[in-house]
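The values are calculated or read from the model by the stated rules, or taken from the named source; none is laboratory data. A quick note: this is a predicted structure, and the numbers were derived from the prediction, not measured. Here the Cβ is made from the backbone with ideal geometry for all residues, glycine too, and neighbour counts use every protein chain on show. These accessible areas exclude ligands, DNA and RNA; they are computed on the full protein's heavy atoms, side chains included. Shrake-Rupley method; radii C 1.70, N 1.55, O 1.52, S 1.80 Å.
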Amino acid sequence: MVDLESEVPPLPPRYRFRDLLLGDQGWQNDDRVQVEFYMNENTFKERLKLFFIKNQRSSLRIRLFNFSLKLLSCLLYIIRVLLENPSQGNEWSHIFWVNRSLPLWGLQVSVALISLFETILLGYLSYKGNIWEQILRIPFILEIINAVPFIISIFWPSLRNLFVPVFLNCWLAKHALENMINDLHRAIQRTQSAMFNQVLILISTLLCLIFTCICGIQHLERIGKKLNLFDSLYFCIVTFSTVGFGDVTPETWSSKLFVVAMICVALVVLPIQFEQLAYLWMERQKSGGNYSRHRAQTEKHVVLCVSSLKIDLLMDFLNEFYAHPRLQDYYVVILCPTEMDVQVRRVLQIPMWSQRVIYLQGSALKDQDLLRAKMDDAEACFILSSRCEVDRTSSDHQTILRAWAVKDFAPNCPLYVQILKPENKFHIKFADHVVCEEEFKYAMLALNCICPATSTLITLLVHTSRGQEGQQSPEQWQKMYGRCSGNEVYHIVLEESTFFAEYEGKSFTYASFHAHKKFGVCLIGVRREDNKNILLNPGPRYIMNSTDICFYINITKEENSAFKNQDQQRKSNVSRSFYHGPSRLPVHSIIASMGTVAIDLQDTSCRSASGPTLSLPTEGSKEIRRPSIAPVLEVADTSSIQTCDLLSDQSEDETTPDEEISSNLEYAKGYPPYSPYIGSSPTFCHLLHEKVPFCCLRLDKSCQHNYYEDAKAYGFKNKLIIVAAETAGNGLYNFIVPLRAYYRPKKELNPIVLLLDNPLDDLLRCGVTFAANMVVVDKESTMSAEEDYMADAKTIVNVQTLFRLFSSLSIITELTHPANMRFMQFRAKDCYSLALSKLEKKERERGSNLAFMFRLPFAAGRVFSISMLDTLLYQSFVKDYMISITRLLLGLDTTPGSGFLCSMKITADDLWIRTYARLYQKLCSSTGDVPIGIYRTESQKLTTSESQISISVEEWEDTKDSKEQGHHRSNHRNSTSSDQSDHPLLRRKSMQWARRLSRKGPKHSGKTAEKITQQRLNLYRRSERQELAELVKNRMKHLGLSTVGYDEMNDHQSTLSYILINPSPDTRIELNDVVYLIRPDPLAYLPNSEPSRRNSICNVTGQDSREETQL
């Protein structure tokens, strides 16, 4: 066994027990030396200095005692003056000698001794080698003048009545007060407002001047008018206020000289004090001051942290935040490191905002500034990123640090954070609500390609509006569109609701349909009491519970609604409608238009995933009765509902067995094997069995696996979706995944082409002529523009170029500033666009937050601004479920049992359904879908600019001879421009101009002259549209591409599109309407048994795909 004593060194002597008993015998042989630290502080002088100066609390007590002594000495002087009996006579001896009683003299001597001893001691402790610096200080000189005569009178009793200017101790009291305030701030570790300190110093200086003048005048007038203290006070106030009544005036030259001296001192001292006070006031106006602790404890406030505050961001926040009635008593504290902008300052001076908004200049990374904003008492903290910076990653880093600082300072304060890049989101997972800009941006751009105008739908849902926009417009579509834009998402507990309480124990689909039929509200989702997940349209098998929280779309929430039964409604106003417009009926009269309810249920078999077909009844039933719709069952009949197993594609029903096998070999369904960033939500989607080589991803370059160099050569079955972006960032993951979600049928999967640069040749190679949509992402490189609104300049001009070259191409883009949406598809001389511009200005004057909503590109879903989604973060303070619902609608999150957003187009075969209410019933009874709105497209005869008018002299002359040829040529003009027949003045002037051109032809004859004339006329006939078309065709021919697709793109008709969110039940369904649907999750209703061979094949395919995904 190893000898431990030889291995382990012995303990030091002081730690051994035997040494405690026997003594430290080895200490004398130990060469260690004990060292004591900070010996310099053990001296007597250092201990005194520590007590009188260095220690904050003891120094504060010394300052307070000194201040009390000075006030006591001034009080004793006043007592001596009041007790003294003024003697008669004008002798100068009355100025040098006074009557002082013995007790009063004793008190003044005691005070003088203590004051002088303290002054000498502090001078000794603060001595730094220059004694004259200590002696010549004004406080030391005043102390000597006031204390030494009393001490001398102890040894010479005859000097006890000598006059001593004790009233000068007021200046020493002022000096002690300043030191005391500084020690107080150090002791409590708080920096009080410099404004308060300066105001206190100014007041004390003014009081000292007045007190010195009162005492000096009173004493010098002992040989004159014998003024008392009150008369002296009256004279000083009248003199310093520059009033000067003249009833009390000094008589002696000494008192007059003293008054002149005091006035000169006041003229020197007071302006300096006022100047410092004014400077501090201006600095405080810039920094914003403090939000008091008393207000923070008695009032509710939220804090808005931004790196730079712009007027648009401020107004969006204030308008959206204060749009909710229960937030009217809240205060908004803005914490910003930059100085307040001129426009922001002007807005905050408006009485409506000046009483609610407090601006503080400071940083969220400083605890002092967070303390000024009373962050620990705030109801919420909103942290917004600066999207106008060139380096968005750097902007996110600043946001992350702010969030960390706020969480460290106020752990219980709810955080609402806006982040730009998705890869930075995991750093702020602790925040209560997070909105990632690129996630939402790319998801909305993707859904715009398959569900038109999804961005407009989401924007209108997250904005607070009363639906009053456009009600003064003469056009019907603007009234309907503006009225429906007032719909928002609200919530209520089922048992507390008038809308949904009667549907307890009924299916979700039954409750949604009947609530819409009876009240006009659209029930879109629920949440169990014991579950945090929101389920959008859980389907007909979901049974409503009394404790469920219901989420519905309506103009206003139920708590702000009044209910009238049918009889009261008839008595009040029979012709009154919930929605204004022609052929609009009251909500309760929808029952009359529902049609005959079919006794036999409609076929509820599995439909194509591309959209439900509103099929007519069978021929036998058509002969007996008019088209009818099956009723919505209270509880779903599992035997009659045949759910679709979307693990196997429904589009494969229409393929041959060979095509089906090849399709199954190519695609699988599962989760993406790799995630581009931490925090991305896994989505079940279509995958390839094998990874494609990287060289094959280049569309314009051939490789050893394929030899294609343009999109046409690939022979895609579906139209392309082209994404024009500056870089392939991680946000593109959120663009691809919704387009490859498992519930999208394989036959409708569009190829996605990423275009990192967009010259004309690359656009033609990537198949722009036969693309379904082209998505233009806002360029980050343009964010560095000196003028903020110029950040969108490059994107706007590029999109305008695409619009002119490919007029019928569906272009979807995103801008930084909503105000720049008016430049999309810009037509300088378009009368209709000018009319919409005037309408926008009127709506803005009426205080609308959605004044831009009537711009045709925004209404059609062709453009949106991601800054519009800032209101989503603001609304989450009141509606904490809005971010979750929006993410579910956009496909960013997938919850088991929750439905998804899709669309269905109304064809000519579906017009038998007639009204939106019958459509609602048909969808709920057959497929379980819940419609939430309509995307409507109408033909519109828009005024076209003069540059797009094709002029042909020969066509004008031939119309006189042949009506058929004239009709044919007018159709040809309509293919390249708008109809001119509706604009006789423009048409007549154009023809007059054409005739003048024809008269200028050459008068000499000859083949050469005729040829030149023909060429000149051909140039005149060409319009701008034809020139652009010829340019594009020449480039396509040069690249070896076919021009067939581009010829079809030129056939363009002027249309306008808009959205009707939750329209009236009696709204007529029109041809080409696109209905927004929330479809139940098909994975939640997979059959347990396999009733048919088809289902068994589907299930086997689904299992195989899941196993391959896991591998």
Practice problem: Filter segment 224-250 for residues that are of a type in the set (A, V, I, L, M, F, W, C) and open to solvent by less than 50 Å² (accessible area, probe 1.4 Å) and give the result. | Solution: Leu227, Leu229, Phe235, Cys236, Val238, Val248
Practice problem: Considering each residue of segment 338-357, count those that are modelled with pLDDT under 90 and within 18 Å of the chain's Cα centre (by Cα), and give that number. | Solution: 1
Practice problem: With the condition kept exactly as written, say whether any residue in segment 279-302 is modelled with pLDDT of 80 or more, among the aliphatic types (A, V, I, L, M) and either touching a helix residue (DSSP H, G or I) at 6+ places or on another chain (Cβ under 9 Å) or assigned to a loop (DSSP other than H, G, I, E, B) (or both). | Solution: yes
Exercise. Mind listing just one residue for me: the one in segment 375-403 that is crowded, with 22+ Cβ neighbours inside 10 Å and outside any helix (DSSP H, G or I) and, of those, nearest to the chain's Cα centre (by Cα)?
Key: Leu384
Quiz item: Looking at segment 667-675, is at least one residue closer than 22 Å to Asn758 by Cα, of a type in the set (D, E, K, R), out of contact with any Pro (no Cβ under 7 Å at 6 or more places or on another chain) and at pLDDT below 85?
Solution: no
Exercise. Determine whether segment 727-742 contains at least one residue that is on the phi > 0 side of the Ramachandran plot and either modelled with pLDDT under 85 or open to solvent by 30 Å² or more (accessible area, probe 1.4 Å) (or both).
Key: no
Exercise. Could you list all residues from segment 896-934 that are of a type in the set (D, E, K, R), part of a helix (DSSP H, G or I) and open to solvent by 30 Å² or more (accessible area, probe 1.4 Å)?
Key: Asp909
Quiz prompt | Single residue of Gly1045, Gly1040 found to be at pLDDT below 80, touching an Asp or Glu at 6+ places or on another chain (Cβ under 9 Å) and surrounded by fewer than 20 Cβ atoms within 10 Å (Cβ to Cβ) | solution = Gly1040
Practice problem: Tell me, please, whether a residue that is open to solvent by 40 Å² or more (accessible area, probe 1.4 Å) and either modelled with pLDDT of 80 or more or assigned to a helix (DSSP H, G or I) (or both) can be found in segment 681-689. | Solution: yes
Quiz item: Do we have Ala725 as closer than 17 Å to Pro422 by Cβ and out of contact with any Pro (no Cβ under 6 Å at 6 or more places or on another chain) here?
Solution: yes
Practice problem: Filter segment 877-890 for residues that are over 16 Å from the mean Cα position of the chain (by Cα) and open to solvent by 10 Å² or more (accessible area, probe 1.4 Å) and give the result. | Solution: Ser884, Arg887, Leu888, Leu889
Exercise. Please work out which one of (1) part of a strand (DSSP E or B); (2) crowded, with 24+ Cβ neighbours inside 10 Å; (3) among the aromatic types (Phe, Trp, Tyr) is the condition Tyr442 fails and give its number.
Key: (1)
Self-check item: Single match in Thr547, Thr509 (criterion: of a type in the set (Ser, Thr, Tyr), closer than 26 Å to Val632 by Cα and either part of a helix (DSSP H, G or I) or modelled with pLDDT under 90 (or both))
Solution: Thr509
Exercise. Could you tell me whether any residue of segment 823-838 is touching a His at 6+ places or on another chain (Cβ under 9 Å), assigned to a helix (DSSP H, G or I) and open to solvent by 10 Å² or more (accessible area, probe 1.4 Å)?
Key: no
Quiz item: How about segment 95-115: which of its residues are closer than 26 Å to Phe258 by Cα and part of a helix (DSSP H, G or I)?
Solution: Ile95, Phe96, Gln108, Ala112
Quiz prompt | Selection count where residues are surrounded by fewer than 23 Cβ atoms within 10 Å (Cβ to Cβ) and of a type in the set (D, E, K, R), scope segment 445-490 | solution = 3
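To keep it simple, each residue is scored yes or no on (1) out of contact with any Gly (no Cβ under 8 Å at 6 or more places or on another chain); (2) open to solvent by 20 Å² or more (accessible area, probe 1.4 Å).
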residue	(1), (2)
Val776	yes, no
Ala793	yes, yes
Ser807	yes, yes
Met853	no, no
Ala860	yes, no
Gln875	yes, no
Exercise. Kindly indicate the residue of segment 341-364 that is touching a Lys or Arg at 6+ places or on another chain (Cβ under 9 Å) and in a loop (DSSP other than H, G, I, E, B) and also most open to solvent (accessible area, probe 1.4 Å) among those meeting that condition.
Key: Asp341
Exercise. Filter segment 404-428 down to residues that are open to solvent by 60 Å² or more (accessible area, probe 1.4 Å) and in a loop (DSSP other than H, G, I, E, B), then give me how many there are.
Key: 2
